């Protein structure tokens, strides 16, 4: 066969593969945007409550003060922290015992 035919076939395959890749990226971006909106709505339920926030590398305990543009502000003791919600893997309200006091020992 002629080398021009091989080049044309390779070019067509490369263009096709790139279109598939673009579709994949667009789907991924749309899915991420939907997830961010849901996460923002869920976090709004925890504003003003003392929570345990699990990120990929740390666990933070504090009161969630506000939520703005994928960032949450947390009051921890006498300091304040700001965390990007893309790095949060889990949020839960601080566990309390039957009397309404904070548990001193938490098992995850």
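Scan the stretch 86-99 residue by residue and report those that are under 12 Å from the mean Cα position of the chain (by Cα) and either farther than 27 Å from residue 29 by Cβ or surrounded by 14 or more Cβ atoms within 10 Å (Cβ to Cβ) (or both).
Selection gives 88, 91.
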If a residue has to be free of Cβ contacts under 8 Å to residues at least 24 places away in the same chain, farther than 15 Å from residue 48 by Cβ and surrounded by 11 or more Cβ atoms within 10 Å (Cβ to Cβ) to count, how many in the stretch 61-85 make the cut?
4
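Going by what's in this entry, would residue 41 be described as closer than 30 Å to residue 61 by Cβ, assigned to a helix (DSSP H, G or I), within 15 Å of the chain's Cα centre (by Cα) and at pLDDT 80 or above?
On the way: closer than 30 Å to residue 61 by Cβ: yes; assigned to a helix (DSSP H, G or I): yes; within 15 Å of the chain's Cα centre (by Cα): yes; at pLDDT 80 or above: yes.
Answer is yes for this residue.
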Which one is modelled with the lowest pLDDT among residues in the stretch 55-101 that are within 17 Å of residue 42 (Cα to Cα) and out of contact with any strand residue (DSSP E or B) (no Cβ under 7 Å at 6 or more places or on another chain)?
86
With the condition kept exactly as written, say whether any residue in the stretch 61-68 is in contact with a helix residue (DSSP H, G or I) (Cβ under 8 Å, 6 or more places away or on another chain) and over 22 Å from residue 31 (Cβ atoms).
yes
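The values are calculated or read from the model by the stated rules, or taken from the named source; none is laboratory data. Since the model is a prediction, treat every value here as computed from it, not as a measurement. Neighbour counts are summed over all protein chains in view; Cβ atoms, including those assigned to glycine, are modelled from backbone coordinates with ideal geometry.
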